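Structure first, then comments.
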Amino acid sequence: MARTPRLHIPQPPARPGDEPDFSYVELSDAGAVSRPEVTSRARHMENLALELVRVIDDQHKALGPWHPQLDTHDLQVGLRHMLLTRVFDDRMMAMQRQGKISFYIKSTGEEAVSIAPAMALQPGDMLFPSYRTQGLQIARGRNLADLMCQCLSNTNDMCKGRQMPVMYHWARGNIFSVSGNLTTQFPQAVGWAMAAAIKGEDDIAAAWIGEGSSAEADFHHALTFAAVYQAPVVLNVVNNQWAISTFQGFAGGERRPFAVRGLGHGIPGIRVDGNDFLAVYAVTQWAAERARQGGGPTLIEHVTYRAAAHSTSDDPSRYRPRDEAKAWPLGDPIERLKEHMIVEGSWSEKQHEKLVVELEEYCAEAWQEALSYGTMTTGPQLDQHELFDDVLKDIPAHLLAQRDELRSLSD
Amino acid sequence: MARMNMIQAINSAMDIMLERDTSVIIIGQDVGYFGGVFRCTEGLQRKYGEHRVLDAPIAEGGIIASAIGMGVNGLRPVAEIQFADYIYPGCDQIISELARLRYRTAGDFFAPVTIRTPCGGGIRGGQTHSQSPEGIFTHVCGLKILMPSNPFDAKGLLISAIEDDDPVIFFEPKRIYNGPFDGDPNKPAVPWTNHPKGEVPEDYYTVPIGRAEIVQPGEDVTILCYGTMVHVAQAAAELTEVDAEIIDIRTMSPLDVDTITTSVEKTGRCVITHEATRFSGFGAELAATIQEECFYHLVAPILRVTGWDTPYPHAFEWEYFPGQQRISLALEKVLEET
Ligand SMILES: Cc1ncc(C[n+]2csc(CCOP(=O)(O)OP(=O)(O)O)c2C)c(N)n1
């Protein structure tokens with residue numbers, strides 16, 4: 001031990017040129033972690049924050065107390081949604097590279113952390129997304145072309161061209177607006193849940209942030225308010241190991257898992273294999289049931305890996321080994337569910353290939369539909385004068401004057 | 001002398017200060033190994049070590065607060081906020097603490113913190129990567145607020161900021177990081193290479209805080225501007241063939257009132273332009289100062305050309321941006337009055 005205090009600088013396990021090394025990720029065997037009653041006291045299940053809830057084992061079998069026992073239909077729906085999310089991401093990425101949209105963020109490798117919770121929650125539950133949870137929209141049945149129109153800022157864009165690509169919202173689908181400002185949605189979800197409790201309704205809220213975002217004060221606001229008021233909310237931290245170039249150690253993940261942060265507040269923390277669709281489904285179902293029964297909030301850490309670049313503006317080969325994703329010990333969520341279903345006899349390679357083709361076609365059709373509403377440079381255009389709408393409910397006089405000024409310029 | 005773009009000039013300023021003064025440290029998100037999302041700190045961690053160029057958790061409040069603590073304890077922190085749009089979680093620490101520490105302790109404590117942050121639109125960044133919040137901070141007493149418009153000033157002003165014992169917010173107009181921009185997005189991008197202010201001494205030098213620069217002398221109207229708008233204003237003056245005196249404010253606070261009033265007393269007309277929204281924007285302070293100081297020299301009302309009073313819309317970036325056309329119309333209008 002050093003005699004003088006020395007500043008500790010967290011070090012990622014590997015940088016470009018190094019061998020990928022995930023030995024720091026502590027794993028539990030599938031089926032090994034106990035499943036407490038949803039009414040148990042938080043202090044009686046602290047192990048859940050340290051272990052890793054997993055259901056699908058290396059032989060692709062599902063086992064243990066967290067096995068959600070989903071029927072074939074639900075499994076197929078889950079697989080389809082995850083695949084569609086990936087196919088959609090790939091297409092939008094390609095469209096960004098062709099200059100059709102200005103920006104994009106993929107969720108590759110993290111599809112399960114949106115799709116499984118969206119399926120485990122009720123349609124009336126309010127979702128507070130991050131920019132990497134497009135799977136929530138897909139699992140709730142959003143028309144794909146609507147998402148594409150947002151990315152195109154075209155005449156059918158739900159944001160009327162006011163937001164960058166991927167900053168979706170869906171009022172009717174109970175999905176809140178994505179904010180560019182990290183973590184703001186976390187305590188807002190708690191407030192929504194508090195309102196549900198005040199009104200005596202049994203809808204709950206759920207929110208998603210990245211592990212890097214857990215450093216923001218808003219993360220602590222969320223936990224404090226959720227704990228104090230026992231708000232019916234499921235708080236998800238998606239630990240995909242990287243926040244742009246900054247590895248999870250810089251958010252404090254070197255010492256204790258993020259799930260443990262719940263414990264200091266008396267909130268159950270669950271650490272789950274985020275690439276195991278069944279495990280994510282099961283822990284969400286557990287947390288939702290607990291919240292609905294008046295048991296208050298749960299903090300869930302999804303252990304996963306950001307297989308893609310941070311965004312289309314990012315080049316991860318500058319800060320992490322190129323082949324790091326291949327070494328990720330928890331595999332790929334789509335592959336794992338697929339293999340499980342094949343082993344169970346409810347799916348086949350052939351069906352899978354067919355589904356991929358079908359979804360690609362669906363995506364291509366949706367893209368054509370989206371284009372019919374225009375792009376930022378071609379086809380029908382949004383009315384630029386609408387940029388003054390919605391600053392306030394009614395347009396104030398000084399904005400009306402500015403709108404007139406803009407109008408006079410284009411005349 | 002070397003040819004530098006603004007990123008290289010800003011990098012060079014920090015490099016020199018890290019070298020000259022061991023109390024200087026850099027802290028911010030992705031600034032270390034990666035060198036910053038705009039690459040302003042590239043190579044600095046390799047050169048000066050991980051204890052002087054620190055990657056930070058994603059917590060702007062924490063970055064500013066720890067910079068204050070370090071500043072109080074004898075360091076000279078340069079904190080990077082990745083986008084000016086993300087400075088707000090740090091606002092309590094900036095406004096209530098950093099800006100007032102010297103005052104509330106009667107000078108016994110101070111924190112010589114420089115906050116660098118990219119601002120402004122023009123990169124299709126939508127409302128959360130385009131803001132120009134300088135006017136929010138010029139309203140706070142106890143801060144110095146700077147915004148350079150070219151590589152030469154960027155380096156010299158940043159060195160002054162780091163050496164200053166008072167807190168400084170140093171806004172970097174990201175649209176002109178790689179080259180001057182005249183407001184026309186359809187023109188091919190130009191680099192700093194052929195711009196006189198792209199010529200930057202490799203060594204230490206300073207540009208004083210509190211001094212505006214007359215970019216172009218003129219007789220008929222004074223244009224007050226800063227950041228990206230300096231280049232747009234020059235283009236508009238050229239387009240309209242108006243003999244404009246263009247003043248790059250550079251340091252909004254403290255403000256070089258003399259240079260401004262001397263010019264307006266000469267021309268009798270003034271157009272103010274900034275990218276930030278208009279209502280209660282920094283242009284209002286400029287206009288008020290001019291009417292207080294030079295009312296009897298004015299022959300026309302002072303006009304402001306600014307961003308509209310809305311968030312920065314992704315799809316209508318160029319309808320929002322106060323471009324050459326709007327500045328030209330304002331110039332014609334003030335010149336109509338006799
Ligand atoms: C308040 C705020 N600060 C900084 C940023 C810039 N930024 C955008 S994404 C990002 C990294 C976020 O990482 P993480 O929370 O781990 O989520 P991930 O991208 O890995 O899904 C940063 C620093 C921002 N958007 N908002």
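A short reminder: the numbers here are calculations on the coordinates, not readings from a lab. Just so you know, these numbers come straight off a predicted model, no measurement behind them. Neighbour counts run over all protein chains shown; Cβ positions are idealised from the backbone, glycine included.
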Most packed first (mean Cβ within 10 Å per residue), the peptides A:185-194, B:85-94, B:66-75, B:225-234 order as B:225-234, A:185-194, B:85-94, B:66-75
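Would you please put B:167-178, A:276-287, B:107-118, A:78-89 in order of how densely packed they are, using the mean number of other Cβ atoms within 10 angstrom per residue and starting with the highest? Spell out each step's value before the answer.
Numbers: B:167-178: 24.8, A:276-287: 27.9, B:107-118: 21.3, A:78-89: 23.3.
In descending order of packing, they fall as A:276-287, B:167-178, A:78-89, B:107-118.
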With label points set 7 Å from each Cα along the Cα-to-Cβ direction at B:D165 and A:Q59, the distance between them in nm comes to 7.5 nm
Descending packing, highest mean Cβ count within 10 Å first, for B:30-36, A:334-340 is B:30-36, A:334-340
At the level of C-alpha centres, the distance separating region B:321-338 and region A:317-340, in angstrom, is 57 Å
Expected integer from the mean partner chain Cβ neighbour count at 10 Å over B:49-59 is 6
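Write out the trypsin sites (Lys or Arg not before Pro) in region B:254-338 meeting two conditions: DSSP loop, and at most 15 other Cβ atoms within 10 Å of their Cβ.
Nothing satisfies the criteria.
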Contact order relative to length for chain B, counting C-alpha pairs under 8 Å separated by 6 or more residues, stands in percent at 16 percent
Among beta bridges assigned by DSSP with both residues in chain B, the antiparallel ones amount in percent, to the nearest 5, to 20 percent
Projected onto the charge dipole of the protein assembly as shown (unit charges on the beta-carbon of Lys, Arg, Asp and Glu, signs +1, +1, -1, -1), the Cα from A:L387, B:V334, B:I260 with the largest positive-side position is that of A:L387
Check: C-alpha center region A:75-115 vs C-alpha center region A:261-285, spacing in Å is 24 Å
By the C-alpha gyration tensor axes a ≥ b ≥ c (rounded if a/c is under 1.5, else prolate when a/b exceeds b/c, else oblate), the shape of region B:213-336 is prolate
At 37 °C in a medium of viscosity 0.692 mPa s, chain A has a Stokes-Einstein diffusion coefficient, with Rh taken as the Kirkwood radius over alpha carbon pairs, in µm² per second, of 147 µm²/s
Final fewest-first order of B:L239, B:L101, A:L299 on the 10 Å Cβ neighbour count is B:L239, B:L101, A:L299
Of A:G210, A:G331, A:G269, the most mobile residue in a GNM of chain A (C-alpha springs, cutoff 10 Å) is A:G331
Dividing the mean separation of Cα pairs under 8 Å (6+ apart) by the residue count of chain A yields a relative contact order in percent of 22 percent
With Cα coordinates, the longest principal axis of chain B makes an angle with the long axis of helix B:282-294, in degrees rounded to 10, of 60 degrees
Here the whole-number average of other chain Cβ atoms within 10 Å per Cβ of A:213-219 is 5
Region B:157-216 and region B:86-106 have their Cα centres apart by a whole-number Å value of 26 Å
Expressed in nanometres to one decimal, the distance between label points 7 Å along Cα→Cβ at A:R407 and A:S177 is 2.5 nm
Listed residues A:R320, A:R54, A:R255; largest mean-square fluctuation, Gaussian network over chain A with Cα springs below 10 Å, found at A:R255
Across A:G249, A:G135, A:G109, the residue with the highest GNM fluctuation in chain A (Cα network, 10 Å cutoff) is A:G249
Between the Cα axis of helix B:151-163 and the main Cα principal axis of chain B, the angle (0 to 90°, nearest 10) is 50 degrees
Taking Cα atoms, the helix B:229-240 axis meets the longest principal axis of chain B at an angle in degrees (rounded to 10) of 20 degrees
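Where a ≥ b ≥ c are the square roots of the eigenvalues of the C-alpha gyration tensor, would you call region B:2-200 rounded, which needs a/c under 1.5, or, failing that, prolate if a/b is larger than b/c, or oblate?
In terms of gyration-tensor shape, prolate.
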Long-range amide H partners of B:G227, meaning residues 5 or more apart or on another chain whose placed amide H is closer than 5 Å, are B:S149, B:R250
Final fewest-first order of B:F316, B:F279 on the 10 Å Cβ neighbour count is B:F279, B:F316
By the Cα gyration tensor axes a ≥ b ≥ c (a/c under 1.5 gives rounded; else a/b larger than b/c gives prolate, otherwise oblate), the shape of the protein assembly as shown is prolate
Mean separation of Cα contacts under 8 Å (at least 6 apart) over the residue count of region B:213-336, i.e. the relative contact order in percent, is 30 percent
Note to self, chain A gives a 222 nm [θ] from helices alone (DSSP H runs n ≥ 4, -39500 (n - 2.57) apiece, / all residues, nearest 500) of -11500 deg cm²/dmol
Across chain A, qualifying lysine pairs (alpha carbons under 21 Å, at least 8 places apart or different chains) come out at 9
